[in-house]
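The values are calculated or read from the model by the stated rules, or taken from the named source; none is laboratory data. This structure is a prediction, so every number in the text was calculated from the model and none was measured. Glycine also receives a Cβ, built like all others from the backbone with ideal geometry; neighbour counts cover every protein chain displayed. Please note that ligands, DNA and RNA were not included when accessible areas were found on the heavy atoms of the full protein model with its side chains. Shrake-Rupley method; radii C 1.70, N 1.55, O 1.52, S 1.80 Å.
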Amino acid sequence: MFDSTIRYDFSFFQSLNRVVQYEPWLSRDKVMVDMLKTIGIEKGKPFNPDESTRKVLESAVDEAHAWFDFRYETTFAPYFKDAHWAVPASPELMEVSATFYESPDSYAIDARGVTDYWAFSTVKHLGSGQFYLMSTKDKNGAPLDGGKAYKLTVPANVPVTQYWSAVVYDRVTHALIRDVASPSKSSQTPGLQVNEDGTVDLYFGPKAPSGKEPNWTPTKAGGRFEVLFRLYGPQKPLFDKTWTLPDIAVAN
């Protein structure tokens, strides 16, 4: 098993130390050199904090995790009116993502951090080759519950030149849900059932609705999940919002 999730515990600082020891300092990052020294991370020296320092660091990473989680749920504005889908990157970050996150008057550290918190990376040209919409809530504003059944009706004529997909992630780790048969469904899924009007009904939940297995993505009871709707080769109707994506609804 390869686990690439971010650890919000003391091991985070151990990983940070490994990076500091291995990687050269970039000029724009040198502001951190003296700050890291105050917690015992210094190039060429071992990182071995005493017990009291370790407790402070563990408390700090807990606080940072809570801050990221709060910002993740409150920062991104709804993309469509009266809906819960949002572009999971701030306008500030999108403006500078193609220029190494720099502009003449800013360096989007916080905005980049919130995006890396859930995506583990950023996209240089969001909206050119691809576009993403994220939802963590159902139509009524309740968190998506892995033990419940949900339905998403994807409207016809999705404005893409390549394909679309809906990928399910664990809300806590933001990684794929472990030990499930499939993490997503897309317009390229073999056997995907398409309605006569061109819409596609997608289902999320611990059990597949009878006869709807090709359109079902499994979740797990006992945890929350989130859905990332990906559009590859996005076109104008998405951006002028003449094509809209409805909220995820609790299935009847």
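The equivalent ellipsoid of the range 133-212 has semi-axes of 21, 15, 14 Å, largest first, where each one is the square root of 5 times an eigenvalue of the Cα gyration tensor. In degrees from 0 to 90, rounded to the nearest 10, what is the angle of the helix 109-119 Cα long axis to the longest principal axis of the chain? With both axes taken from Cα atoms, the answer is about 50 degrees. Charged side chains reduced to their Cβ positions (Lys and Arg at +1, Asp and Glu at -1) give the range 1-82 a dipole of some 380 debye around its Cα centre.
Determine the share of the chain's accessible area contributed by carbon and sulfur atoms, expressed in whole percent, with a 1.4 angstrom probe. In the chain, the share of accessible area belonging to carbon and sulfur is 53 percent. Using the 1.4 Å probe convention, the accessible area of the chain works out to 57 Å² per residue with neighbouring protein chains retained. For a straight C-alpha distance cut-off of 30 angstrom, the lysines reachable from residue 30 (same-chain residues fewer than eight places away being disregarded) are 43, 45, 55, 124. List, in the order given, every pair from 212/241; 185/241; 81/220; 148/212 whose Cα-Cα distance in the structure shown is over 25 Å. Where the Cα-Cα span goes over 25 Å, the pairs concerned are 212/241; 81/220. Taking the C-alpha atoms only, the angle from helix 51-74 to the longest principal axis of the chain is near 30 degrees.
Mean separation of Cα pairs under 8 Å and 6 or more residues apart, divided by the residue count, gives the chain a relative contact order of 21 percent.
Which of 171, 54, 224 moves most in a GNM of the chain, Cα contacts under 10 Å? Top of the fluctuation ranking is 54. Over all pairs of different C-alpha atoms, the range 196-249 has a mean inverse distance whose reciprocal, the Kirkwood radius, equals 13.7 Å. Think of the range 154-252 as having a plus end and a minus end, set by charges on the Cβ of Lys, Arg, Asp and Glu; of 202, 227, 164, 227 sits farthest toward the positive end of this dipole. Shown is the FRET efficiency for residue 210 and residue 48, computed with R0 = 35 Å from the Cβ-Cβ distance and rounded to the nearest 0.05: 0.05. Largest first and in whole Å, the equivalent-ellipsoid semi-axes of the chain read 38, 22, 15, each the square root of five times a Cα gyration tensor eigenvalue. The listed residues 107, 79, once ranked by accessible area (1.4 Å probe) with the largest placed first, stand as 107, 79.
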